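Read the figures in this text as sums done on the coordinates, not as results from a lab. Nothing here was measured: the structure is a model prediction, and the numbers come from that model. FYI the Cβ positions are ideal-geometry reconstructions off the backbone, even for glycines, and counts take in every protein chain you see.
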Amino acid sequence: MGRFLAGVGSALLLVAAGFFWWQGSANRNAADMQISPAAALAAEPPVAPPQADERTREQKRFDRYDKDRNEAISREEYLVSRHKAFARLDLNHDGRLDFDEWAKKTTDKFAHTDADRSGTLTRAEFLTTRVVRKTPARCTCPPPRAAEDDEG
């Protein structure tokens, strides 16, 4: 029983010593960090803070659409992004979009995936159409060592 009490007492003394040591180092660091305001002002000249942009998100969006900067968005300015998207789909540039032009990417993907050229996709062929999304790496840690490395 005496050994048990001696062990508990020595553990409490170690914890108390660690606490006081930690408090002492924290006080020394805080004293080192204290600089008088006058010394801080003398050390570097004051810098004006950067001016914030007062424009709102909608004002910036309006400015992106208003290409001629006349403070009015014409129908052509408003639809320019749609015209660009349409032009990418209109493969023969006839100003008309038929189904084959609209579905070109999908039909090309089907033809590429149909390996046996049967006109249908088997389960194995269909699995190759899965969209592969790029995800960021979660861990850059090295792989764990094999059990053989630990033995000797």
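Residues in the range 92-109 that are touching a Ser or Thr at 6+ places or on another chain (Cβ under 9 Å) and without any contact (Cβ under 8 Å) to a residue 12 or more places away in the chain: D100 only. For first residues located in the range 63-91 and more than 23 Å from K104 (Cβ to Cβ), partners that are of a type in the set (V, I, T) and lie 6+ apart or on another chain with Cβ distances below 6 Å form the pairs Y65/I73; D66/I73.
Within the range 82-131, count every residue that is within 30 Å of Y65 (Cβ to Cβ), assigned to a helix (DSSP H, G or I) and of a type outside the set (F, W, Y). Result for the range 82-131: 10. Of the residues making up the range 45-63, those that are exposed (fewer than 10 other Cβ atoms within 10 Å of the Cβ) and assigned to a helix (DSSP H, G or I) are R57, E58.
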